[in-house]
Amino acid sequence: MIKCLFTAGSGKSPDTTLETSSANAAGVNWKEEADTELLTIRLSGEIDLQHSPKLRQLLKGKVRSKAPAILLDFNDVKYIDSSGLATLVEYYKNSRSYSGRLAVAGLSNRVRSIFDLGRLGEVFGIFPTVPEARHALLLEAPPRGETRPLAESAQSR
């Protein structure tokens, strides 16, 4: 099932929200919420060898469209394996060509331990909550004409 919702706010610069979702019987599911500043992808289910190709396909599309900042909400992800981690690292590497930024939020203890084993906190931002990740991504948005990936700018503080 894929549903799209588009709303436009009022004022001098209209805010836009685009929402899409994908539901599979098993495996990984997602819901996208985009506004003018950030794309949030709310993931659920399991991201394993069988299901990570779906996430890889989604993220490859975001690289093609040069999404400037993506927040992955893991609040409803029950499990991720090395193929899922590789998918995230692949997105990170591919998005660097246009200074794309990535943050992950809402990891359960089980999922966080897998991220920690891969030392992914050194690659991109991992935050306890979605609001904290959103704030960090928006705060780290480079001024016009300047590009700076999130992981590098966080280390420079």
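Here, each number is a calculation from the coordinates, and none is a lab measurement. Keep in mind that this is a model prediction, so the values were computed, not measured. For neighbour counting, all protein chains shown are included, and Cβ atoms are generated from backbone atoms with ideal geometry for every residue, glycine included.
Structure summary
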| quantity | calculated |
| --- | --- |
| Local electrostatic count at Phe74 - Lys and Arg +1, Asp and Glu -1, tallied over other residues with Cβ under 12 Å | +1 |
| Full-extension gain in nm, Arg110 to Leu138, via 0.36 nm per residue minus C-alpha separation | 7.3 nm |
| Arg119-Thr36 FRET efficiency (beta carbon distance; Förster radius 25 Å; 0.05 resolution) | 0.15 |
| Fully extended contour minus Cα-Cα distance, from Ser97 to Asp48, at 0.36 nm per residue | 15.0 nm |
| Sorted by Cβ density within 10 Å, fewest first, the residues His135, His51 | His135, His51 |
| Residues Asp48, Asp73, Asp116, sorted so that the one with the fewest Cβ neighbours within 10 Å comes first | Asp116, Asp48, Asp73 |
| If the convex hull is drawn through the Cα atoms of region 72-144, its volume per residue in Å³ | 79 Å³ |
